[in-house]
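*Asks:* Got a structure for you, questions after.
Every number in this text was worked out from the coordinates using simple rules, so none of it is lab data. Computed from a prediction, not measured in an experiment: that's the story for all the values here. Positions of Cβ are backbone-derived with ideal geometry, glycine not excepted, and every protein chain shown enters the neighbour counts.
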Amino acid sequence: MSAIEAASKPVLGHGLRLQWEPAQDAHVLLFPEGMVKLNGSAGAIMSRCDGVRSLGDIVADLELAYGATGLGPDVEAFVALAIGKRWLELRA
Amino acid sequence: MSDLPPVGHGLAAPSAAFAAAAPGRTPGPPLWLLLELTYRCPLHCVFCYNPTEFANTGAELSTDDWLRVLREARALGAVQLGLSGGEPLARDDLESIVAEARALGFYINLITSGIGLSEARIGALKRAGLDHIQLSFQDSSREMNDFLSSTRTFELKAQVAALIRQYDYPMVLNVVLHRHNIDHVGEILAMAERMGAQYVELANTQYYGWAWLNREQLLPSRAQLERAEEVTRAFRARVGNRMQVYFVVPDYFEVRPKACMSGLGSVFLAVAPDGTAMPCHAARMLPGLALPNVRTSPVREIWYESTAFNRFRGQGWMKEPCASCPERDTDFGGCRCQAYLLTGDADNADPVCDLSPHHHLVSEAVARAERAVAASAGQVQKLKFRDHRISIPVVTGDPVAGA
Ligand code: SF4
Ligand code: SF4
């Protein structure tokens, strides 16, 4: 897979739903006949992938929210993995 | 993170990776809710997993009852919802049930043969918030021959498939495989590709309910299975990412059992048309399991307190070789229904396991299948089609003698 550009806008894959489940204390990704319970960072990233914010925006937002820096490579790696699993798609 | 494999007609529902409650701890929520809305169905599948005595069960729940079950289960944390049957489209309140489920936050899967899915109904279901439709090709050789020869049923399915695409649903096809259609996997996949399917589940028959009665006629040979897997591999290599093909191997050919339902009472709750609550949709056959009913008990009480749902939680019920087996946290001793059907005791190891002293029951069934396939070259005979007019009690052991 080619490197994801900072300007590309990840969005949830077609037919998928992401929601916070209090009973599981986690974000859960729902898809046809299956679900994935996301860990904290995956949930934080995925819930920002709205097709409006760019990858760059998402990284900046996360760094602000978690008072951290240098999150770029981790976020990009997760987004790449999620695209591979078809959890996310890129919007140009 | 954990995945659940697909579930559908003829498939044994969520097994595998979902973390089960550790022994002694409070069980987690019933994440998976399966509502079998009706046993009514226009088809007569030889491998239907509905109980063979289904004609003797009570009246169907009312709309209000189903809505209450949805609310109660969602409050406990249920989130994946399967609507199946029978044929769920036979309920004319399906749209109201879907609307309520969506408002509650369920992800809603409709598991249907497609019969009765008109444009008006799919439109109404879409507006009500249905998330996903699994179109199943179920009817044994009759429908499959039809399908493969592009005749009547195929036309109908193709129309339904077109509607599913038109209404922007991901297209998931489920085809139940057995001795009489497994050699056509290549044609089945080609047809699925022409229909524009994104996911195809090639689900080998699991031997419960009607399929159990027909096991001696349905179990494929190992050579058939290997050919089908080879064809599937070649197809996957050709289509790449465009289509996802799941191939569910019949567990009779394995040496370890499936982690059925991640252990009974850990994530899965099924409700039968008459309101009977079950820790697995085949559990009705288990003797002495006093299954609670949603008409008389709240879902919370059923899930956390009922004897039936606690019966197979943890590992206290296990017998040897499971009780001291290092793999018991992985497969939970396999399927209770299979243990009961084959050995007559639901507490035994699933005889698919080659550590089970009853494993020969499985290997002998496979050996008979080898001989039968070699002898008959695929003639269909003596199949018991699911029928509302006949009701057959569950017989355990080896049905071979009387089959
Ligand atoms: S007869 Fe076939 S379509 Fe009907 S419920 Fe059984 S498996 Fe499903
Ligand atoms: S003996 Fe029981 S627990 Fe061990 S692998 Fe076999 S079925 Fe699983």
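*Asks:* Treat segment A:9-86 as a sphere of radius equal to its Kirkwood radius over Cα pairs and apply Stokes-Einstein at 20 °C in a medium of 1.002 mPa s; give the translational diffusion coefficient in µm²/s, rounded to a whole number.
*Replies:* It comes out at roughly 166 µm²/s.
*Asks:* Could you calculate the FRET efficiency of A:A77 with B:R127 from 1/(1 + (r/R0)^6), where r is the beta carbon distance between them and R0 is 30 Å, rounded to 0.05?
*Replies:* Working from the Cβ atoms, E equals 0.15.
*Asks:* Something else now. What number comes out for the charge environment of B:G82, summing +1 per Lys or Arg and -1 per Asp or Glu over other residues with Cβ under 10 Å away?
*Replies:* Overall, the nearby charge balance is -2.
*Asks:* Quick one: order A:T69, B:T63, B:T38, B:T112 by neighbouring beta-carbon count within 10 Å, fewest to most.
*Replies:* By the 10 Å Cβ count, ascending: A:T69, B:T63, B:T38, B:T112.
*Asks:* While we're looking at this one, here's another question. Less than 20 Å from a label point 7 Å out along the Cα-to-Cβ axis of B:R233: which backbone N atoms in segment B:154-191 qualify, by residue?
*Replies:* Backbone N within reach: B:182-190.
*Asks:* Turning to a different aspect of this structure: Residue by residue through A:19-30, how many Cβ atoms from other chains fall within 10 Å of the Cβ on average?
*Replies:* Per-residue shielding by partner chains comes out at 4.
*Asks:* Can you put A:S41, B:S136 in order, fewest other beta carbons within 10 Å first?
*Replies:* Final ranking by Cβ density, sparse to dense: A:S41, B:S136.
*Asks:* Once label points are set 7 Å from the Cα along Cα→Cβ at both B:D92 and B:A158, what is their separation, rounded to one decimal in nm?
*Replies:* In this crude spin-label approximation the distance works out to 3.2 nm.
*Asks:* Go ahead and collect, in residue order, the members of segment B:248-278 whose backbone nitrogen is under 19 Å from a label point 7 Å along the Cα-Cβ direction of B:D65.
*Replies:* Flagged as within label range: B:269-278.
*Asks:* If you don't mind, there's one more thing I want to ask. When a footprinting reagent is the concern and you count Cβ atoms within 10 Å, what order do A:R53, A:R91 take, fewest first?
*Replies:* A:R91, A:R53
*Asks:* Follow-up. Determine the sum of side-chain charges near B:E229: Lys and Arg each +1, Asp and Glu each -1, restricted to other residues whose C-beta is under 11 angstrom from that of B:E229.
*Replies:* Summing Lys/Arg as +1 and Asp/Glu as -1 gives +2.
*Asks:* Something else now. Report, as an integer, the average count of C-beta atoms from other chains found within 10 Å of each Cβ along A:33-41.
*Replies:* Across A:33-41, the average partner-chain Cβ count within 10 Å equals 6.
*Asks:* Given labels modelled 7 Å from the Cα in the Cβ direction, how far is it in nm from B:T26 to A:N39?
*Replies:* It is 2.6 nm.
*Asks:* To continue, here is another question. Just want the answer: with Cβ charges of +1 for Lys and Arg and -1 for Asp and Glu, which residue in B:F332, B:C353, B:S266 is farthest toward the dipole's positive end in segment B:257-382?
*Replies:* With unit charges placed on the Cβ atoms, the residue in question is B:S266.
*Asks:* Something else: Using a simple spin-label model with points 7 Å from Cα along the Cα→Cβ vector, what separation in nm is obtained for B:S363 and B:N293?
*Replies:* In this crude spin-label approximation the distance works out to 4.5 nm.
*Asks:* Additional query: Net charge near B:G123, counting Lys/Arg +1 and Asp/Glu -1 over other residues with Cβ under 12 Å of its Cβ?
*Replies:* Taking every other residue near B:G123 into account, the sum is 0.
*Asks:* Sticking with this structure for a sec: Under 1.5 on a/c is rounded, so check that first for segment B:232-271, then, if it is not, pick prolate when a/b is larger than b/c and oblate when it is not; a ≥ b ≥ c are the square roots of the alpha carbon gyration tensor eigenvalues.
*Replies:* It is oblate, given that a/c is not under 1.5 and a/b is not larger than b/c.
*Asks:* Loop only by DSSP, 11 or fewer other Cβ within 10 Å of the Cβ. Give me the chymotrypsin sites (Phe, Trp or Tyr not before Pro) in segment B:188-232 that pass, ordered by residue number.
*Replies:* none
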